[in-house]
Structures are given as structure tokens and as C-alpha cells.
Amino acid sequence: MNDKLLHDPESWLDEHGDYLFRYAYVRLRNRAAAEDAVQETFLAGIKAYDRYDEKTPVRYWLRGILHHKVVDYIRKAAREIAVDDSEDHEILDRFKYKAFGIPSQQPAPWKFDPKHAYEQKEFWEIFYRCMAGLKESMGLAFTMRELEGLSTEEICKELRIKPNNLWVLLHRARAQLKECLEAHWITPEGTEQ
Amino acid sequence: MIMTCKQVAKALAENRYYEMPWNRRITMFIHIRICAVCGRYHQQVIDMQKGIHDYLEHEDAGDITPTLQLSDEARQRIAEKLKKEK
């Protein structure tokens, strides 16, 4: 039996609905938007189904469609929010980034060993929750850069900011993510750090 | 070729460490290991990028399953749409 028959669009919701929803939610951080994106993905999938070539599993094919829906949503959201860069100069000054690209203050060390944590299955659910908790412009920039791999130029254009402001947004996002991980990840007992 | 602190910062701001060519990663790795000025900061950036890189691999494999799913209402709405559109 070929893949097309095995993957009737009516079965997509049960087989891939939650997977696609989780993919969208961690990127959009908005339940209604993520659910809409999944719905639009399925509808676009039905329309494009004739072109599905079975080379990739249907889940990844649908995820490819969802990726575009997510980026479209972020572009629209980016137009509606004003990026607050009032603290950016302070951060940039503190880092002397423009001149040397180096921080003048060393960051606090990790409270756990990240390399060890990355080997623990339970860690990734906390990582997911912490990424899903990033706020507004910081979250949008983080999704575009780190999860979707858009270029600096593209992101700056979408958010209408300069590269230095993007750097500050990503710096803040990483700091918040680190803080959240440190607050929620407890190294399992009996394992070495 | 030895990289400067600024070049490391620029490279990490513009590219994901684990997607860079190995020769670029090696020169960056050497700088970060020996640089007392920017080493710790950029090591943390790389640690975080490694986390994101590994997360995306786990996401690909579908083995991250947070207790989060479509709401019943959305599920029903999507099911109805799918029936109509099919």
C-alpha cells in the first residue's frame, strides 16, 4: 500500500495534530495562533496533496507547510508590536560590543552542567517550556534566529530594528532562557554533574 | 588563522555554531578556550546554541512530548473543516 493511501487527510488530525501544535506553540507562544496555524496547514495540505511526492514522511511534509505558516504569522505579529529598545544602549555600553565584541562583565557560571543536562530526556520538556515562555519581541527574534534560522538581515527587516538591537534581543532571550532552566532543572539524584 | 574577540562575537551573532564549517569552529574553539576576556561569555552562547541544536534534533525525532495538546474545541473545529474540504 502506498504512503498516500496510508495517510488519508482525515487521519492527519489524530496522527500529527498534537505534534504540529507543539511545534507551532513553542514558536508562536500563543495557543489560538498555534491552533489556527495547524488548521491552515491541514487545509493547505489538502489543496497541495496532489503534489505530495511521498519522498518525505507526510508528517515532515506537513511540518514544512507549517514552517511557512509560522513565519508568516511572525511577520504579521512583528508589524504590530513596537520593539522597546530603550534599554539597548545601556546593555550595548556595558558590553562594549560595538568596539570590541566582548563583554566587560563576565556572566554568572551555569548552575548545572549543560552538557550533562542535554543527555537527560526529562531536560527537553523543561527546555521546551522555557522557550515557550519567552516574551514578545524577544521571543519573536529568538524563534526567527535560533529555531527557524532566518538571517540577521531578514529579521532586522521584519522587526524594523538594527543588527545591534537584534543582538540585544537575542542576548536577553538567552539570559532569560538560562535563568528559567536554572530555576526548573534539578539534576537527577545519583548522577554526576 | 587566529580570530579576534570581535570576529568570534560577529560569527556567533550571524551563524549557528553547530552549522559552521569545522575549520571555522576549530579556530573559534581555540580562541574561546584561551581567551580570558570573552571566553566564558561566548562559551555560554555556544552552550545555548548546542541546546537549541539538540532540541531541534529531538523535535525532529518526535521524542519531546510536553503535556500540551490541541484543545478539544480546536480539534473538533479542525475535524469539521477537514471533512468539508476533503
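What follows is calculated from the coordinates using simple rules that are stated; it is not laboratory data. Note that the structure is a prediction, hence the values are computed from the model and not measured. Methodologically, a virtual Cβ is constructed for each residue, glycine included, from the backbone with ideal geometry; neighbour enumeration extends over all protein chains shown.
The calculated FRET efficiency for the pair A:Ala175 and B:Lys84, based on their C-beta separation and a Förster distance of 30 Å, comes to about 0.05.
Spacing of the modelled spin labels on A:Thr187 and A:Arg129, each 7 Å from Cα toward Cβ, amounts to 2.1 nm.
As a calculated quantity, the FRET efficiency between B:Gln7 and A:Arg59 at R0 = 35 Å, using C-beta atoms, amounts to about 0.30.
Distance cut-off 31 Å, Cα to Cα: go down the list A:Lys76/B:Lys6; A:Lys55/A:Lys157; A:Lys76/B:Lys81 and report the pairs above it. From A:Lys76/B:Lys6; A:Lys55/A:Lys157; A:Lys76/B:Lys81, over 31 Å: A:Lys76/B:Lys6; A:Lys55/A:Lys157.
Counted by Cβ distance under 9 Å from A:Thr152, the other residues give a net charge of -2, where Lys and Arg count +1 and Asp and Glu count -1.
Annotation for A:Asp14 and B:Leu68: the two label points, set 7 Å from Cα along the Cα-Cβ direction, are 2.5 nm apart.
Just to be sure I understand the curve: with the Debye formula and one point per C-alpha of chain B, what is log10 I(q)/I(0) at q = 0.18 Å⁻¹? Debye intensities relative to I(0), on a log10 scale: -0.80.
For the protein assembly as shown, the alpha carbon positions stretch 62, 48, 36 Å along the principal axes, listed from largest to smallest.
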